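**Q** There's a structure below that I have some questions on.
The values are calculated or read from the model by the stated rules, or taken from the named source; none is laboratory data. None of these values were measured; they are calculated from a predicted model. Cβ coordinates were reconstructed from backbone atoms using ideal geometry, including for glycine residues, and neighbour counts include every protein chain displayed. The protein model used for the area step is the full one, side chains on, heavy atoms only, and it has no ligands, DNA or RNA in it. Shrake-Rupley method; radii C 1.70, N 1.55, O 1.52, S 1.80 Å.
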Amino acid sequence: MMIKNLFAPTDMTQGAPWKSIITFTLPMLLGNIAQQLYSTVDSIVVGNYVGDNALAAVGSAMPILNMLLVLFIGISTGASIMVSQYYGARNRESLSYTVGNCITVTIISYVLLVVVATPFIRPILEILNTPTSIIDDCANYLIISLVGIVGMAFYNILSGIIRGMGDSVSALLYLLVATAINIVLDIYFVAGLGMGVPGVALATVIAQIVSSALCMLKLARMTEFFDFGWHYLKPVGEYVKTVIRLGLPSGLTQAIFSSAMIVVQSLTNQFGELFIAANVVVMRVDGFAMMPNFSFGASLTTYAGQNVGAGLYDRVTKGAKQGTWIAVLCSAVITVIILLFGKGLMGVFTDTAELVEKSYYLMQILAVGYIAVAVTQSLSGIMRGAGDTMTPMWISLITTVVLRVPLAYGISYLTRTPELPNGQSICIQISLLVSWVMGAVITGIFYKLGKWKTKALKQ
């Protein structure tokens, strides 16, 4: 019975807020770490079995791949908000239509994305000044990942639905299974079959399809809380529009961030293969350092959604305060670990001493910024859960497009010398740190203004 309860939806409208938040966040954190292992294992395997250029190829592909995922991230966010609020309000019919319509929208979106985006992969890499030494591997990685993106899309959306009802353990279990498959196939395809960069892309695609299939089976068994059948897959304007209205700003937020990453990647490529590879290593460690922040943000979205659905706004405010402080504490600990042991972490990806030193130096610049991101993610999670997805989008627009990109190029231009014709490469990390700090300040201000309290869905 205890094991069964572990995999059951959780009512976050009762009990101490901090206990509900931590209990829900821990499995999600482990799941996010496992998901991060996908790209990390890819980098470790190609870095050790193929070489530093292959490592740079995989890293250069990631901003573009993230851009291709923004549509599904938006659907996932919209679905999670709707599910959490309808579950909190105990609205079975709306919950059933939300789940079915989200699945239909995902299928249509996948087909359109593959048809439209595939022909433009290589031209985009050329526009971004991707070095000729890595462009072929980069293109192959992206094409395989795009065609197989259906697994990642469905996992993100279906796990978002499951988490919206308070079950973060099932998504963790399925992701752990997929991560194990990914690791085994990575090593087999690259070290065993010598497939190189395409091998790690194929391994990831197969693993993600498995995780999405497991999520689908889980939903089919949750008939105690909603109805799951063909009838609910038929698009209903009300639910499709609401998913888009709630999810589009979050998708655009990710699109804005990914666009900035792509524009900055063009600048990064000008500093050569060594800096590109160092940046890849930094991004991999950064991915793990960010996991608590993203996990608390997603947890607080579900927490706020369920309590807003139940009309418990005082409880939402109390949980926001407690959850944010816990997230800040976790990020402070991570910052200390990076500063003390960062060089050892960088050495996992490569045995090139110069690359390890460069990566560690760049990581030191970013380390303190994780505390600021903890504030941004936590308070943004509360606002999204309450139905206000526009405010986080505008904040992202300001901090990335208006601030980060011009700052990166500005520092690069102002630091040019005959010895450094492209300027100081640390412009990438400095601009990112500044945007993180400003994001925390602006998010805190808008949370205090409280307009997010007026955005709940009609029950």
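**Q** What helices (runs of 4 or more DSSP H) completely inside the stretch 351-420 contain at least 3 residues that are modelled with pLDDT of 85 or more and within 19 Å of the chain's Cα centre (by Cα)?
**A** Per the criteria, 369-385, 390-397.
**Q** Looking for whichever is basic (Lys, Arg) and surrounded by 19 or more Cβ atoms within 10 Å (Cβ to Cβ) here; the options are Arg315, Arg245, Arg221. Which one fits?
**A** Arg315
**Q** Just checking, how many residues over the stretch 318-340 are aliphatic (A, V, I, L, M), open to solvent by 10 Å² or more (accessible area, probe 1.4 Å) and under 25 Å from the mean Cα position of the chain (by Cα)?
**A** Filtering the stretch 318-340 down to residues aliphatic (A, V, I, L, M) leaves 320, 326-329, 332-334, 336-340.
If we keep only those that are open to solvent by 10 Å² or more (accessible area, probe 1.4 Å) as well, we get 326, 328-329, 332-334, 336-337, 339-340.
Filter again for under 25 Å from the mean Cα position of the chain (by Cα), leaving 326, 328-329, 332-334, 336-337, 339.
Of the residues in that region, 9 qualify.
**Q** Of everything in the stretch 270-282 that's part of a helix (DSSP H, G or I) and surrounded by fewer than 21 Cβ atoms within 10 Å (Cβ to Cβ), which residue is modelled with the highest pLDDT?
**A** Leu274
**Q** Quick check on the stretch 183-201. Is at least one of its residues of a type outside the set (Phe, Trp, Tyr), modelled with pLDDT under 80 and on the phi > 0 side of the Ramachandran plot?
**A** Yes - at least one qualifying residue is present in the stretch 183-201.
**Q** Now for a different question. Could you list, in sequence order, all residues of the stretch 81-105 that are under 14 Å from Tyr232 (Cα atoms) and under 23 Å from the mean Cα position of the chain (by Cα)?
**A** Passing the criteria: Thr98, Val99, Asn101, Cys102, Ile103, Thr104, Val105.
**Q** State the number of residues belonging to the stretch 440-456 that are modelled with pLDDT under 90, among the hydrophobic types (A, V, I, L, M, F, W, C) and open to solvent by less than 20 Å² (accessible area, probe 1.4 Å).
**A** Total meeting the criteria: 1.
**Q** Would you call Lys343 surrounded by fewer than 20 Cβ atoms within 10 Å (Cβ to Cβ), modelled with pLDDT of 90 or more and in a helix (DSSP H, G or I)?
**A** Considered against the rule, which asks whether it is surrounded by fewer than 20 Cβ atoms within 10 Å (Cβ to Cβ), modelled with pLDDT of 90 or more and in a helix (DSSP H, G or I), Lys343 comes out as no.
**Q** Under the condition of being open to solvent by 60 Å² or more (accessible area, probe 1.4 Å) and either more than 19 Å from Asn293 (Cβ to Cβ) or among the small types (Gly, Ala, Ser) (or both), which residue from the stretch 11-34 is modelled with the lowest pLDDT?
**A** Gln14
**Q** Regarding the stretch 366-379, can at least one residue be identified that is of a type outside the set (Val, Ile, Thr), touching a Ser or Thr at 6+ places or on another chain (Cβ under 7 Å), open to solvent by 10 Å² or more (accessible area, probe 1.4 Å) and within 30 Å of Thr454 (Cα to Cα)?
**A** Yes, that holds for at least one residue.
**Q** Another one. Considering (1) among the small types (Gly, Ala, Ser); (2) closer than 24 Å to Met346 by Cβ; (3) surrounded by 21 or more Cβ atoms within 10 Å (Cβ to Cβ), say which one Ser396 fails and leave the rest.
**A** Every listed condition holds for Ser396 apart from (2).
**Q** Could you please find all residues in the stretch 450-459 being hydrophobic (A, V, I, L, M, F, W, C) and touching a Ser or Thr at 6+ places or on another chain (Cβ under 9 Å)?
**A** Trp452, Leu457
**Q** List pairs: first residue in the stretch 232-253 and more than 14 Å from Ser109 (Cα to Cα) and part of a helix (DSSP H, G or I), second residue open to solvent by 50 Å² or more (accessible area, probe 1.4 Å) and among the aliphatic types (A, V, I, L, M) anywhere in the structure, Cβ distance under 6 angstrom, at least six positions apart or on different chains.
**A** Pro249/Met390
**Q** Say whether the condition of being part of a helix (DSSP H, G or I), open to solvent by 30 Å² or more (accessible area, probe 1.4 Å) and modelled with pLDDT of 85 or more is met by at least one residue in the stretch 284-295.
**A** Yes: the stretch 284-295 contains one or more residues that are part of a helix (DSSP H, G or I), open to solvent by 30 Å² or more (accessible area, probe 1.4 Å) and modelled with pLDDT of 85 or more.
**Q** Could you give me the residue pairs with C-beta distances under 6 Å whose first residue belongs to the stretch 364-376 and is within 13 Å of Ile338 (Cα to Cα), whose second residue is part of a helix (DSSP H, G or I) and open to solvent by 40 Å² or more (accessible area, probe 1.4 Å) wherever it lies, and which are 6+ apart or on separate chains?
**A** As it stands, the answer is Leu366/Leu433; Ala367/Leu339; Gly369/Leu433, since those pairs meet every condition given.
**Q** A further question on this structure: For the stretch 143-150, check the following and say yes or no: at least one residue is touching a residue at least 12 places away in the same chain (Cβ under 8 Å), under 17 Å from the mean Cα position of the chain (by Cα) and farther than 26 Å from Asn269 by Cα.
**A** Within the stretch 143-150, one or more residues are touching a residue at least 12 places away in the same chain (Cβ under 8 Å), under 17 Å from the mean Cα position of the chain (by Cα) and farther than 26 Å from Asn269 by Cα.
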